[in-house]
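Read the structure below first, then the notes.
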Amino acid sequence: MKSKRLSVEQIVAMFKQIELGMTVAAASRQLGVSEQAIHRWKKVYDGLHSEQVRELKLPQEENARLKKLVAELSLDKVILQDITSGKWPGLR
């Protein structure tokens with residue numbers, strides 16, 4: 001069975017349905033995930049509101065962008081060090 005990737009908004013909406021009376025078993029069948037996954041998500045996402053979800057996403061997106069930038073700069077640095085040390089085969 002292929003694993004599903006649910007968004008944080010979908011998870012928070014599911015917890016709101018559970019609070020309104022839906023059982024965990026019914027929610028797991030509706031989303032196609034296991035009950036264990038719902039209990040695991042409850043530790044992380046229970047009690048969040050829509051505004052908090054948006055605020056949670058912003059730093060994650062910024063961190064991903066910065067990590068990509070650091071990786072590219074690190075690669076550039078290694079390439080320049082190889083060129084200056086004479087390890088680059090194209091400069092002979």
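The values are calculated or read from the model by the stated rules, or taken from the named source; none is laboratory data. Please read these numbers as outputs of a predicted model, since none were measured by experiment. Methodologically, a virtual Cβ is constructed for each residue, glycine included, from the backbone with ideal geometry; neighbour enumeration extends over all protein chains shown.
Residues checked against (1) closer than 15 Å to Val8 by Cα; (2) of a type in the set (Gly, Ala, Ser); (3) in contact with a Lys or Arg (Cβ under 9 Å, 6 or more places away or on another chain):
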position	(1), (2), (3)
Gly32	no, yes, yes
Glu35	no, no, no
Arg40	yes, no, no
Val44	yes, no, no
Leu48	yes, no, no
Lys57	yes, no, no
Asn63	no, no, no
Ala71	no, yes, no
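Annotation note: Cβ proximity below 9 Å between a residue of region 6-26 that is closer than 14 Å to Leu56 by Cα and a residue that is in a loop (DSSP other than H, G, I, E, B) (sequence gap 6+ or interchain) occurs for Val8/Leu48; Ile11/Leu48; Val12/Asp46; Val12/Leu48; Val12/His49. Of the residues screened, Glu51 is not one that is among the acidic types (Asp, Glu), assigned to a helix (DSSP H, G or I) and surrounded by 10 or more Cβ atoms within 10 Å (Cβ to Cβ). When the residues of region 6-20 are filtered to those that are among the polar types (S, T, N, Q) and assigned to a helix (DSSP H, G or I), which remaining residue is surrounded by the fewest Cβ atoms within 10 Å (Cβ to Cβ)? Within region 6-20, the match that is surrounded by the fewest Cβ atoms within 10 Å (Cβ to Cβ) is Gln10. Checked against (1) touching a residue at least 12 places away in the same chain (Cβ under 8 Å); (2) surrounded by 11 or more Cβ atoms within 10 Å (Cβ to Cβ), Arg40 passes all but a single condition, namely (1). Looking at (1) among the hydrophobic types (A, V, I, L, M, F, W, C); (2) surrounded by 15 or more Cβ atoms within 10 Å (Cβ to Cβ); (3) outside the structural domain of Ala13 (by TED's automatic domain parsing), which is the only condition Ala64 fails? Only one criterion is unmet by Ala64, namely (2).
Of all residues in region 64-92, those that are at pLDDT below 85 have Cβ atoms under 7 Å from Cβ atoms of residues that are assigned to a helix (DSSP H, G or I), 6 or more apart or on another chain, in Trp88/Asp82; Leu91/Ile83.
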